[in-house]
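Reading through the C-alpha coordinates given below for one structure.
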(Lines give C-alpha, C1' and ligand atoms only; values in the text may rest on other atoms or scores of the structure.)
Protein backbone atom coordinates (compact mmCIF):
# COMPACT_ATOMS: atom_id res chain seq x y z
CA UNK A 1 0.00 0.00 0.00
CA UNK A 2 1.14 3.49 -0.73
CA UNK A 3 1.27 6.28 1.79
CA UNK A 4 -2.00 7.88 0.62
CA UNK A 5 -3.80 4.55 0.59
CA UNK A 6 -2.71 3.85 4.17
CA UNK A 7 -3.95 7.25 5.32
CA UNK A 8 -7.25 6.73 3.53
CA UNK A 9 -7.62 3.31 5.11
CA UNK A 10 -6.86 4.67 8.61
CA UNK A 11 -9.31 7.55 8.21
CA UNK A 12 -12.02 5.23 6.98
CA UNK A 13 -11.66 2.92 9.98
CA UNK A 14 -11.36 5.73 12.53
CA UNK A 15 -14.70 7.20 11.44
CA UNK A 16 -16.79 4.44 12.92
CA UNK A 17 -20.24 5.62 13.92
CA UNK A 18 -20.23 6.50 17.59
CA UNK A 19 -23.55 6.40 19.38
CA UNK A 20 -24.48 9.80 20.78
CA UNK A 21 -25.52 9.87 24.40
CA UNK A 22 -29.23 10.43 24.49
CA UNK A 23 -30.18 13.38 26.57
CA UNK A 24 -33.67 14.42 27.50
CA UNK A 25 -35.39 17.31 25.76
CA UNK A 26 -33.67 20.59 26.44
CA UNK A 27 -35.41 22.94 28.78
CA UNK A 28 -36.57 26.15 27.14
CA UNK A 29 -35.09 28.11 30.02
CA UNK A 30 -31.61 26.75 29.30
CA UNK A 31 -31.47 28.82 26.12
CA UNK A 32 -32.69 31.94 27.89
CA UNK A 33 -30.22 31.52 30.74
CA UNK A 34 -27.35 30.99 28.32
CA UNK A 35 -28.25 34.14 26.37
CA UNK A 36 -28.53 36.17 29.58
CA UNK A 37 -25.08 34.97 30.67
CA UNK A 38 -23.73 36.38 27.41
CA UNK A 39 -25.11 39.80 28.34
CA UNK A 40 -28.35 39.95 26.37
CA UNK A 41 -31.57 41.04 28.01
CA UNK A 42 -34.65 39.53 26.47
CA UNK A 43 -37.26 41.48 28.41
CA UNK A 44 -36.09 44.90 27.24
CA UNK A 45 -36.59 45.29 23.53
CA UNK A 46 -35.64 48.35 21.55
CA UNK A 47 -38.08 49.46 18.91
CA UNK A 48 -37.12 50.92 15.59
CA UNK A 49 -37.41 54.70 15.23
CA UNK A 50 -40.55 56.04 13.61
CA UNK A 51 -40.31 56.81 9.91
CA UNK A 52 -41.51 60.34 9.11
CA UNK A 53 -44.53 60.36 6.80
CA UNK A 54 -43.97 63.83 5.31
CA UNK A 55 -41.33 64.45 2.67
CA UNK A 56 -38.41 66.62 3.74
CA UNK A 57 -37.44 69.05 0.99
CA UNK A 58 -33.71 69.63 0.61
CA UNK A 59 -32.46 73.17 1.14
CA UNK A 60 -30.54 74.66 -1.74
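The values are calculated or read from the model by the stated rules, or taken from the named source; none is laboratory data. As the structure is a prediction and not an experimental result, all values here were calculated from the model. Methodologically, a virtual Cβ is constructed for each residue, glycine included, from the backbone with ideal geometry; neighbour enumeration extends over all protein chains shown.
Structure values in brief
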| quantity | calculated |
| --- | --- |
| Test result for residue 39, on the phi > 0 side of the Ramachandran plot and at pLDDT below 85 | yes |
| Any hit, the stretch 16-28, residues being surrounded by fewer than 10 Cβ atoms within 10 Å (Cβ to Cβ), at pLDDT below 70 and assigned to a helix (DSSP H, G or I) | yes |
